[in-house]
Amino acid sequence: MFPQAADWVRSMTTFAFALLFLASVAGYLLNLRAARQLQGSGARLHSLAGFHGGFSFLVVLVPGFIVLILWLLLQGAVINALVLRSLPPGTTDGLDPGAVQLIVAEIRQIAGGRIFGTPEQWKIDAAARLTALRDTSATLMVVVVGVMSAVLLILSRMRVSPDFRARQGTEAIVNGLMIFCSTVAIFTTIGIIASLVVETWRFFGMVPWYDFLFGLRWEPQMPIRADQIAAVGAFGWVPVFVGTLVITVVAMTVAVPVGLFSAIYLNEFASPRFRAVAKPLLEILAGVPTVVYGFFAVLVIAPALRDFGVWSGLPIASNTALAAGSVTGVMLIPFISSFADDTLSAVPRALRDGALALGATRGETVITVLFPAAIPGIVGGILLAVSRAIGETMIVVMAAGLIAKLTINPLDSVTTVTVQIVTLLIGDTAFDSPKTLAAFALGLMLFVVTLGINVLALRIVRKYREIYD
Amino acid sequence: MNDMRIAERTVGTNAAKISARGVQVYYGETHALKDVDVDILDRTVTAFIGPSGCGKSTFLRCLNRMNDTVAIARVEGTILLDGQDIYDKRIDPVQLRAKVGMVFQKPNPFPKSIYDNVAYGPKIHGLTRNKGELDEIVESSLRKAALWNEVKGRLNDPGTGLSGGQQQRLCIARAVATSPEVLLMDEPCSALDPIATAQVEELIDELRENYAVVIVTHSMQQAARVSQRTAFFHLGNLVEYGETGQIFTNPKDTRTESYITGRIG
Ligand SMILES: Nc1ncnc2c1ncn2[C@@H]1O[C@H](COP(=O)(O)OP(=O)(O)O)[C@@H](O)[C@H]1O
Ligand SMILES: [Mg+2]
């Protein structure tokens, strides 16, 4: 009997959305026709008939949609609360919130038809009540949406008149929607930052901030049980950050020259045919998922380096910063190249012609005129690439090491901030242990560093754009 | 001011500096310039006039091989500079362009200092042995371009910070600094106000003492004021070429007459 109820809820939900949509379309058509009739009777309308229709469409659709979404989001909590209150008195007395959650979950399971063992009768009763409440809620939802749509339909139909500024009204609603969308992004960002800051704050309650910022040892192993023999964790982020920097430097050493030269070649020297082939290829490189680069680093570059180490007698670790960094660099080549390509193309043709007409060769033109003119844009692009290299996760998780070692030798194994965040959060984690909270602190630092670089880069780029506008 | 005043036609030595024969230019399939024959005289200002799109710039850009930089452009025919074919395989276009300077329609100073703008050509061609010589060239070029007095105190300021007219004179100084023999100017005044235009026109007249100057202009008054010889282009053809006074007062071709009297344009 229970699964049928789920069908009822589902079909009512679909029906509510369909109803809302149909009502909106009806509103559109009604107002459109009304406006046309006014027009036909010789009135001069302030707004085109289409705007009258659009106004009604939005007036019906937007509030109904908001109500539906809120309803679907909130009904679960309300129904749970009602079910809990209807339990036999004393059932949840003295239970902690976790245990109450478990009971609710079990009741929901039963209501969904997944019954394990033989639950108590009061649970089965509660499940039945839950199902009934859900049905009622679904029906109520349809009724509310129906009534609302009807009222809004009539209201907006009544507003059709020659003087009504439907055009401005429609625009105001669309404006509101746009404001809403942009605030969603802003509030999400603020929320994420806030949670990072709060958790980091908690972390600094357990580990002093100076130990974190200036500590030279990163050994986040914490005893899980009180009697466990384990090193006391050390949470100094310096070696982790230095590891990130080593990998970033290696990556930029690969990406900057290759990216720049390929951009210059494609922009200034290549024949149109070569360009037509090479540009899409570079874009494909940009589209390769980073996990594939990770394979490449682990399965091709790292073994090759190891073999080279064995052959030459150099001490080369198996997870070298060189392997992870150079592959990250390859990943960034198209990024830098397309950025440099854009900035070079943005240098006005008049400058190029000016230099060529003075008898400069193409190479001299690039070096003495185009490059200086484009350099702010190129620097901005490189900085953006640096911040991507710092934040790069997949390649380093696969190819870099796990042990934080304070070294700047690229042939050694280093770990990065992102790798540590991933390892800290994988496996058994408790949300109040410094080990977990350390991930938030690392995340915040990463965020601060890349944000700083991005802001700097964007300022440089913007300044450059102004010159030739 | 009488706009149609005809400049004095004291064409000095009438030696041909550049002679073009049977020049054809194609942009891909478009036949932009058809069979042009012209002799450009030394120490003379030659004006190219004609409705826009008729091929004036195209022909001008043949004279310093700037069309080489346009991938789809193809040039046929012969163009002799001092009797030497400039499209010959042995001619290096880079060196040719040092000898045949060019000033563009829109002032295009490099984003460098005023000094570096003018010193650019001499530096890349290694025309000077030391800083003193370079300083001299920069000063004399700026003087020739009638800009020295306005900028001598701020040679290290960016060239892009000058006014439009000053920028254009800076570009002229930059072209003059490589001591070219021919100076090509593609509508050099079209982005300038009347005062700056008058200054540049005066300058062109002075430059005639040392160079063969070729100027493209859409203003017939300007052609009449500054040039001694005028060539009229129409739809890719060189319709008529001769002494400026004769072209403006007594054109032989009816198309020239229609253009000058404003009936085609
Ligand atoms: N880079 C180019 N690519 C293709 N066609 C061009 C190019 N430059 C000029 N043309 C064509 O050649 C013709 C002559 O142009 P142009 O010499 O610039 O005329 P003008 O300078 O007399 O106004 C025009 O029809 C123009 O469309
Ligand atoms: Mg032109």
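Considering the stretch B:46-55, and only residues there that are of a type outside the set (A, V, I, L, M) and modelled with pLDDT of 95 or more, the residue that is nearest to ligand 1 (Cβ to nearest atom) turns out to be B:Phe48. Scanning the stretch B:41-79 for residues that are among the β-branched types (Val, Ile, Thr) and away from chain A (no Cβ under 13 Å) yields B:Thr44, B:Val45, B:Thr46, B:Ile49, B:Thr58, B:Val75, B:Thr78, B:Ile79.
Taking the numbered list (1) farther than 20 Å from B:Glu209 by Cα; (2) away from ligand 1 (no atom under 16 Å from the Cβ); (3) open to solvent by 60 Å² or more (accessible area, probe 1.4 Å); (4) not hydroxyl-bearing (Ser, Thr, Tyr) in turn, B:Arg43 passes all entries but (1). Of a type in the set (D, E, K, R), away from chain A (no Cβ under 14 Å) and more than 10 Å from ligand 1 (Cβ to nearest atom): is that true of B:Asp82 in this structure? So B:Asp82 fits the description; yes.
The single condition among (1) within 31 Å of the chain's Cα centre (by Cα); (2) open to solvent by 90 Å² or more (accessible area, probe 1.4 Å) that A:Met252 does not meet is (2). Hey, any hits in the stretch A:306-314 for a residue that's open to solvent by 30 Å² or more (accessible area, probe 1.4 Å), at positive phi and of a type outside the set (Lys, Arg)? The answer is yes; a qualifying residue exists. Can you tell me which residue in the stretch B:170-194 is farthest from the other protein chains (Cβ to nearest Cβ), limited to those that are within 16 Å of ligand 1 (Cβ to nearest atom) and surrounded by 24 or more Cβ atoms within 10 Å (Cβ to Cβ)? If we take residues in the stretch B:170-194 being within 16 Å of ligand 1 (Cβ to nearest atom) and surrounded by 24 or more Cβ atoms within 10 Å (Cβ to Cβ), then B:Cys189 is farthest from the other protein chains (Cβ to nearest Cβ).
When residues in the stretch B:123-174 are screened for being of a type in the set (A, V, I, L, M), touching a strand residue (DSSP E or B) at 6+ places or on another chain (Cβ under 9 Å) and over 23 Å from B:Pro194 (Cβ atoms), 1 of them pass.
Return yes or no: is A:Gly443 on the phi > 0 side of the Ramachandran plot and either buried (at least 20 other Cβ atoms within 10 Å of the Cβ) or in the same structural domain as A:Val250 (by TED's automatic domain parsing) (or both)? No; evaluated as a whole, the condition is false for this residue. Checking A:Thr368, A:Thr361, A:Thr328, A:Thr393 one by one, the residue that is open to solvent by 10 Å² or more (accessible area, probe 1.4 Å) and within 22 Å of the chain's Cα centre (by Cα) is A:Thr393 and no other. May I ask you to verify whether B:Arg255 is within 15 Å of the chain's Cα centre (by Cα) and over 24 Å from B:Val151 (Cα atoms)? No, not satisfied. Screening the stretch A:249-359 for helices (runs of 4 or more DSSP H) wholly inside it with 1 or more residues that are away from chain B (no Cβ under 14 Å) and over 26 Å from A:Val461 (Cα atoms) returns the ranges A:272-287, A:290-296, A:302-312, A:321-346. Of the residues that make up the stretch B:103-110, is at least one within 12 Å of chain A (Cβ to nearest Cβ), surrounded by fewer than 18 Cβ atoms within 10 Å (Cβ to Cβ) and touching a Ser or Thr at 6+ places or on another chain (Cβ under 7 Å)? Scanning the stretch B:103-110 turns up at least one residue that is within 12 Å of chain A (Cβ to nearest Cβ), surrounded by fewer than 18 Cβ atoms within 10 Å (Cβ to Cβ) and touching a Ser or Thr at 6+ places or on another chain (Cβ under 7 Å). Restricting attention to the stretch A:169-191, does a residue exist that is open to solvent by less than 30 Å² (accessible area, probe 1.4 Å), at pLDDT 90 or above and closer than 24 Å to A:Val67 by Cβ? Within the stretch A:169-191, one or more residues are open to solvent by less than 30 Å² (accessible area, probe 1.4 Å), at pLDDT 90 or above and closer than 24 Å to A:Val67 by Cβ. Filtering the stretch B:42-61 to residues that are in contact with a Ser or Thr (Cβ under 8 Å, 6 or more places away or on another chain) and either near ligand 2 (Cβ under 10 Å from one of its atoms) or hydrophobic (A, V, I, L, M, F, W, C) (or both) leaves B:Val45, B:Ala47, B:Phe48, B:Ile49. Candidates A:Leu74, A:Leu58, A:Leu68: the one that is surrounded by fewer than 13 Cβ atoms within 10 Å (Cβ to Cβ) and either in a helix (DSSP H, G or I) or modelled with pLDDT under 95 (or both) is A:Leu74.
Among the residues of the stretch B:137-164, just one is polar (S, T, N, Q), open to solvent by 60 Å² or more (accessible area, probe 1.4 Å) and within 14 Å of chain A (Cβ to nearest Cβ), namely B:Thr160. Any residue at all in the stretch B:118-136 that is of a type in the set (S, T, N, Q), within 12 Å of another protein chain (Cβ to nearest Cβ) and either buried (at least 19 other Cβ atoms within 10 Å of the Cβ) or part of a loop (DSSP other than H, G, I, E, B) (or both)? No: the stretch B:118-136 contains no residue that is of a type in the set (S, T, N, Q), within 12 Å of another protein chain (Cβ to nearest Cβ) and either buried (at least 19 other Cβ atoms within 10 Å of the Cβ) or part of a loop (DSSP other than H, G, I, E, B) (or both).
Of everything in the stretch A:414-438, what is at pLDDT below 90, within 19 Å of the chain's Cα centre (by Cα) and open to solvent by less than 30 Å² (accessible area, probe 1.4 Å)? Give them in sequence order. None - no residue of the stretch A:414-438 is at pLDDT below 90, within 19 Å of the chain's Cα centre (by Cα) and open to solvent by less than 30 Å² (accessible area, probe 1.4 Å), so the list stays empty. Tell me, please, whether a residue that is within 16 Å of ligand 2 (Cβ to nearest atom), open to solvent by less than 10 Å² (accessible area, probe 1.4 Å), under 20 Å from B:Phe110 (Cβ atoms) and at pLDDT 90 or above can be found in the stretch B:211-233. No: the stretch B:211-233 contains no residue that is within 16 Å of ligand 2 (Cβ to nearest atom), open to solvent by less than 10 Å² (accessible area, probe 1.4 Å), under 20 Å from B:Phe110 (Cβ atoms) and at pLDDT 90 or above. When restricted to residues that are within 30 Å of A:Pro89 (Cβ to Cβ) and touching a residue at least 40 places away in the same chain (Cβ under 8 Å), the stretch A:133-149 contains 6. The set of residues from the stretch B:63-88 being open to solvent by less than 20 Å² (accessible area, probe 1.4 Å) and either more than 13 Å from the chain's Cα centre (by Cα) or more than 13 Å from ligand 2 (Cβ to nearest atom) (or both) comprises B:Leu63, B:Asn64, B:Asn67, B:Ile79, B:Leu81, B:Ile86.
The values are calculated or read from the model by the stated rules, or taken from the named source; none is laboratory data. The structure displayed is predicted, hence computed values, not measured ones. Cβ sites come from the backbone with ideal geometry, for glycine too, and all protein chains shown count toward neighbours. Only protein heavy atoms, including side chains, enter the accessible area calculation; ligands, DNA and RNA are left aside. Shrake-Rupley method; radii C 1.70, N 1.55, O 1.52, S 1.80 Å.
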